[in-house]
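The values are calculated or read from the model by the stated rules, or taken from the named source; none is laboratory data. Worth saying up front: this structure is predicted, and the values here are computed from it rather than measured. In this analysis, Cβ positions are derived from the backbone assuming ideal geometry, glycine residues included, and neighbour counts consider all displayed protein chains.
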Amino acid sequence: MSALEASPGRRGSRRVTVVAAVAGAWLLAYLGNTPLWDLLVYRVAGLDADSRLGSGVHFFLADTVKIVLLLAGIIFVVTVARSFLSLERTRALLGGRREGVANVAAAGLGIATPFCSCSAVPAFIGFVAAGVPLGVTLSFLIASPLINEVAVVLLYGMFGFKIAALYVGSGLVIATVAGYVLGRICPPHWVEPFVYATTLRGVPVAPGQRLSWDDRIALGREEVGKILRKTWPYLLAGIGLGAVIHGWVPADFFARWAGAGNPFAPLVAVLLGVPLYSNAAGVLPLVEALHAKGVAMGTVLAFMMSVVALSLPELILLRRVLKPQLLATFTGVVATAILITGYLFNAIL
Amino acid sequence: MDIKILGSGCANCHTLEARTREALTELGLDARISAVTDYPGILGYGVMNTPGLVVDEQVVLSGRVPSTAQLVQVLSAAAASR
């Protein structure tokens, strides 16, 4: 620390001011977004709000800005909140707990722990080799991508609080139950033997994790930049496709073959979604457009869940530690749980 | 100085390695950099969140890619404590 830097108290209050100012600007931009595009697209550019072109262009512009704002705001908040937890701490919290209770905890911690999907394999080994039961570890690994903050935020932005809450709730149930079931039916030798032979040395809590508020805020900013840079092509493609569907596809087009009346719709949605690999940001604008044109909510959510929870690249990665039998059972159990959720939602919503 | 980059070869690990080299050049330090890509090896350092940075067999960072400026701090602190 140099003598020129302000005292900690001073820096703290300046930090609060900056964060509050940014939050205020964010809120203003979010609330003013639709009126602004109403004005620009319909008044200034003179497009007809009832025409295909007019509503398509308006949807594209307003949705792009809304989604980018939502993503930036929530990723920042979530990253800062998550910086208080680490995989090491999560493992310590899960160790020595009874199966069942531990599955619930693992699903919950799957949401809260900062975790990149490229660390799925080392995390798996680290948990299992430290004695966390297989099923509990799997509950964690299912919940983490499934209840992803980007997905939840976008659902909230597009369908409102009720749907977002339902998604989180059912995601927790799926991760808990699927992990528990897998823990019951899969024998230990379905895991590659080297996992159990791995010795864990080193410190239990990684150094460099003692972060100051400035570090946490910097982490949040970096993460927002990283995710936006990574997702913008998907976002634009998804929203663009959504805009085309909005403007040009008749309102009941999908209702005929993928509405609540078709019992096979959720099945087809899950079968399509499992191998597909995309982030939530890419699928959701498409999902919104499909729902607007008559695809049932449960079908849409099942599609979305199967896209984010299971993907071919992830399964190939997990093959390093899971034998084919376990990998197949894993995919089957998770896909079935998602499918049941889809049917349930179609029945009650 | 002996530096190891832990990670199975994803983009993050390559970025970390590149920035570590930049930081070393900036500090004028000489180091041997190697990559640990096998999972038991990575876990052997207790690292679950890749990428990880190991300096003289001590884990100094894991789970994120720091900026070059942060790496300069971390590496000069590690060099000073030798």
- Task: Only residues that are in a helix (DSSP H, G or I) and out of contact with any helix residue (DSSP H, G or I) (no Cβ under 6 Å at 6 or more places or on another chain): list them for the range A:302-314, please.
- Result: A:312, A:313, A:314
- Task: Might you let me know whether the range A:95-115 holds any residue that is on the phi < 0 side of the Ramachandran plot, outside any helix (DSSP H, G or I) and surrounded by 23 or more Cβ atoms within 10 Å (Cβ to Cβ)?
- Result: yes
- Task: Taking residue B:47 as meeting all but one of (1) of a type in the set (A, V, I, L, M, F, W, C); (2) free of Cβ contacts under 8 Å to residues at least 12 places away in the same chain; (3) in a loop (DSSP other than H, G, I, E, B), write down the number of the exception.
- Result: (2)
- Query: What number goes with the only condition from (1) in a helix (DSSP H, G or I); (2) out of contact with any strand residue (DSSP E or B) (no Cβ under 9 Å at 6 or more places or on another chain); (3) over 30 Å from residue A:59 (Cβ atoms) that residue A:326 does not pass?
  - Reply: (2)
- Of these, A:154, A:146, which one is more than 24 Å from residue B:8 (Cβ to Cβ) and of a type outside the set (Val, Ile, Thr)? A:154
- Task: Could you tell me whether residue A:243 is part of a helix (DSSP H, G or I), of a type in the set (A, V, I, L, M) and touching an Asp or Glu at 6+ places or on another chain (Cβ under 8 Å)?
- Result: yes
- Which of the following residues is part of a loop (DSSP other than H, G, I, E, B) and surrounded by 16 or more Cβ atoms within 10 Å (Cβ to Cβ): A:70, A:85, A:61? A:85
- Tally time: how many residues in the range A:116-145 are more than 11 Å from chain B (Cβ to nearest Cβ) and not in a helix (DSSP H, G or I)? 3
- Contact list, first residue from the range A:5-16 and modelled with pLDDT under 85, second anywhere and surrounded by 10 or more Cβ atoms within 10 Å (Cβ to Cβ), beta-carbon distance below 8 Å, six or more apart or interchain, is A:5/A:11; A:6/A:14; A:11/A:214; A:12/A:213
- Task: Working carefully through the options B:65, B:36, B:54, B:60, find the one that is among the aliphatic types (A, V, I, L, M), within 13 Å of chain A (Cβ to nearest Cβ), more than 26 Å from residue A:216 (Cα to Cα) and surrounded by 14 or more Cβ atoms within 10 Å (Cβ to Cβ).
- Result: B:36
- Residue check, residue A:315 hydrophobic (A, V, I, L, M, F, W, C), modelled with pLDDT of 90 or more and within 21 Å of residue A:180 (Cβ to Cβ): no
